[in-house]
1. Taking the range 153-167 on its own, how many of its residues are in contact with a helix residue (DSSP H, G or I) (Cβ under 9 Å, 6 or more places away or on another chain) and closer than 21 Å to residue 224 by Cα?
2. List, please: which pairs have Cβ atoms under 8 Å, are six or more places apart or on different chains, and start with a residue in the range 229-247 that is without any contact (Cβ under 8 Å) to a residue 40 or more places away in the chain and more than 15 Å from residue 207 (Cα to Cα) and end with one that is assigned to a helix (DSSP H, G or I) and of a type in the set (Lys, Arg)?
3. For the condition among the polar types (S, T, N, Q), at pLDDT below 80 and more than 14 Å from residue 64 (Cα to Cα), what is the one hit in 26, 2?
4. Which of the following residues is surrounded by 15 or more Cβ atoms within 10 Å (Cβ to Cβ), in a strand (DSSP E or B) and of a type in the set (Gly, Ala, Ser): 189, 224?
5. Pick from the range 40-55 the residues that are touching a residue at least 40 places away in the same chain (Cβ under 8 Å) and farther than 16 Å from residue 66 by Cβ: which of them is surrounded by the fewest Cβ atoms within 10 Å (Cβ to Cβ)?
6. One residue is enough: does the range 93-101 have a residue meeting the conditions outside any strand (DSSP E or B), of a type in the set (Ser, Thr, Tyr) and on the phi > 0 side of the Ramachandran plot?
7. Quick check on residue 181: is it of a type in the set (A, V, I, L, M, F, W, C), out of contact with any helix residue (DSSP H, G or I) (no Cβ under 9 Å at 6 or more places or on another chain), within 30 Å of residue 84 (Cβ to Cβ) and outside any loop (DSSP other than H, G, I, E, B)?
8. Please find, within the range 248-257, the residue that is farthest from residue 185 (Cα to Cα) out of those that are in contact (Cβ under 8 Å) with a residue 40 or more places away in the chain and in a loop (DSSP other than H, G, I, E, B).
Amino acid sequence: MNSRLKQGGKKIVELMGAIPIMDELNFRFQQIWYLRKNKTYNQPLKRFVFPTDRALFNTFQLDHKKYYEDGLLAAEEMIDWGGIKTMQQPVVLDWGCGTGRVIRHIPYLKKEAICYGADIDCNIIQWCRKSIESVYFDCIEHQTLPYPSNYFHLVYGISVLTHIPHTSTQYWLNELNRVLLPNGIAILSTHGTQYFHQLSHPQQMQLHNEGAFTNSFKQAGHRSLTTYHSASYLKAMLREHFSIEHFWEGKQHPDKMGGQDCWVIKK
């Protein structure tokens, strides 16, 4: 019953066009909630530049402790899962880097790595260029990654396919295939069964029939645009260009990617 009430409430909010208002209220609440906690946590990290509250809200959450520590842990996992620990000068791309939460740690964990971050939000990219050292940042324009073919040893996209219309999934998989070196690794996360309860029954039926579902929010990349993929649907799509090295289903392995399905694939 609670699930149905939540879904009904979400639908009413969408129909009333109130999503921006609810987003703003959520933002203000998080600002107040984390203000003192963040000030206390930041004191020993004087040289670490945190993003603005607005940028953090749009790409993650306003908890500085979680931003720093989760970002560091994810960077360690990308190095491990991507097989670049012992590689000389691996070239790494954070696809959909946002505020650089993960990629900013990799040059310190793997000093010889050549690191890039790319995002469709050019304002955030400008902030990253000014605030984060040892990483090259680029804006994604015209739906094309601004890199040559066969360039990266590792590309990862954490919660990126989750905010792109499912009709564009194949296009971006083709782009990742293009920029990866032969035998290069991509690490991706998607909304799987752990998140299907967020959908109404008709939406779940559409997901079951089509293999993927995207809600009605129009702005690609926005936190309110949410896409869900069934594992079987995405597996078939991935196998056109990649071998699947590892797959962790989010419901069974919530520690891997915060409950999202996690895919490690090889070109």
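The values are calculated or read from the model by the stated rules, or taken from the named source; none is laboratory data. Keep in mind it's a predicted model, so treat the numbers as computed, not measured. Note: ideal-geometry Cβ built from the backbone for every residue, glycine included; neighbour counts use all protein chains shown.
1. 8
2. Once the first residue is without any contact (Cβ under 8 Å) to a residue 40 or more places away in the chain and more than 15 Å from residue 207 (Cα to Cα) and sits in the range 229-247, its partners that are assigned to a helix (DSSP H, G or I) and of a type in the set (Lys, Arg) give 244/235; 247/235.
3. 2
4. 189
5. Ranking the candidates gives 52 first.
6. Within the range 93-101, none of the residues are outside any strand (DSSP E or B), of a type in the set (Ser, Thr, Tyr) and on the phi > 0 side of the Ramachandran plot.
7. In short, yes.
8. The extreme case among them is 251.
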